[in-house]
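To keep things clear, I will list the structure first and then write my remarks on it.
The values are calculated or read from the model by the stated rules, or taken from the named source; none is laboratory data. Keep in mind the model is a prediction, meaning the values are calculated, not measured. Every residue, glycine as well, gets a Cβ built from its backbone with ideal geometry; the counts of neighbours run over all protein chains shown.
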Amino acid sequence: MAKKDEFDKIDTNKDGFISREEFDAADESAGIEREKLNWFLKLITLGDRFDIKDFWDRVKKSIVEFVILVFGVTVSFGIEQQGGESDNRHDGIENLTNLREEVEKIIAYTDAYIEQVDWVSELYQKQYNRWEKDNDSIFIDWQPDEEEPDGKYYFSPMGMYVNRDPFDPPRVNFDAIKLDGTFRLMPKEVGLKMTEIYDGTELRYLIENTGKNEERYVNQFIDQIANKWVYDLPWVDVDYNEFWIENRKYIQNDKFIKYNLYKRLDLWQYSVKDQLQVYRNSLIESTKLLDSVIAVRDSEFEFIWWVLNPKD
């Protein structure tokens with residue numbers, strides 16, 4: 001009934017048809033004239049008249065366009081962000097692999113250091129055992145050398161006593177990954193183990209014992225030469241074998257030097273060696289943990305925004 005009334009209003013000549021003129025006239029008469037509107041409706045009215053139906057149509061259209069725009073921006077931003085996270089994840093896996101390789105280098109370094117400590121401690125233990133013998137050559141040792149006339153290279157172990165080699169394994173990759181978030185790819189226990197390997201007490205004790213503790217004995221040896229030997233002996237040059245041969249009785253009677261050697265041997269044999277072995281065992285354990293983490297990460301694959309693991 002309402003539709004018929006609207007038709008009758010438009011069909012002004014009552015001929016049962018709506019002409020172009022009648023339609024245009026009806027269109028102009030639709031809505032409320034702008035002059036009759038309050039200030040708020042005037043503010044949101046674009047034409048000369050305010051039509052509530054047209055207004056809501058425009059509102060709904062604007063809402064739909066806004067939602068589409070926001071959705072599009074959100075999706076594009078999410079894809080871009082996910083792409084960055086994916087790149088970071090791949091970089092993190094590469095860092096884990098590099099860290100695994102660095103741990104292998106630390107193991108090789110530790111093995112070489114163990115061999116060195118074994119050789120040095122054996123050499124100086126031999127020197128300590130010979131200290132009281134009545135022989136001018138007790139401070140002279142030798143090792144095979146084909147370039148020497150008799151195939152032997154003679155040297156004084158005490159002449160090399162000032163040499164030191166503090167334990168200093170490589171740690172470039174670990175310092176790098178601490179800053180880039182690679183640890184988030186590791187289970188907590190693996191991250192703690194790697195921190196223990198690089199910054200734990202085992203390593204700190206090793207560095208301290210082969211560093212400042214051993215340096216203390218070397219400095220005491222140097223001070224004894226500078227403060228006593230140079231005043232008691234006609235000449236002092238520890239690099240020459242002749243010095244140790246000519247002055248062997250004087251050096252034998254220097255109980256401070258013998259005690260210093262004893263303490264340094266004790267440091268090598270009962271502290272450094274044990275710590276090196278414990279540290280090496282920790283390194284081996286860490287490689288197994290890293291291998292397990294890398295295997296899991298390598299088995300994962302990315303699907304849109306999700307990282308899927310077939311092993312889960």
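List of remarks:
- Looking across the stretch 184-228, the residues that are β-branched (V, I, T) and modelled with pLDDT of 95 or more come down to I207, T210, V218, I222, I225.
- Residue selection: D237 satisfies the criterion of being touching a Phe, Trp or Tyr at 6+ places or on another chain (Cβ under 7 Å), more than 21 Å from L96 (Cα to Cα), loosely packed, with under 15 Cβ neighbours inside 10 Å and not small (G, A, S).
- Scanning the stretch 203-232 for residues that are aliphatic (A, V, I, L, M) and touching a helix residue (DSSP H, G or I) at 6+ places or on another chain (Cβ under 6 Å) yields a single hit, L206.
- Looking across the stretch 106-122 at every residue that is exposed (fewer than 15 other Cβ atoms within 10 Å of the Cβ) and either closer than 18 Å to M158 by Cβ or in contact (Cβ under 8 Å) with a residue 24 or more places away in the chain (or both), the one that is farthest from the chain's Cα centre (by Cα) is identified as E122.
Per-residue answers, yes or no, for (1) crowded, with 18+ Cβ neighbours inside 10 Å; (2) in a loop (DSSP other than H, G, I, E, B):
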| residue | (1), (2) |
| --- | --- |
| R164 | no, yes |
| M194 | yes, no |
| R204 | no, no |
| E215 | no, no |
| F221 | yes, no |
| V230 | no, no |
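- Of the residues making up the stretch 263-275, just one is closer than 13 Å to Y161 by Cβ and surrounded by fewer than 17 Cβ atoms within 10 Å (Cβ to Cβ), namely K263.
- Entirely in the stretch 240-285, the helices (runs of 4 or more DSSP H) that have 1 or more residues that are closer than 17 Å to L123 by Cα and either in contact with a strand residue (DSSP E or B) (Cβ under 6 Å, 6 or more places away or on another chain) or in contact (Cβ under 8 Å) with a residue 12 or more places away in the chain (or both): 241-246, 255-267
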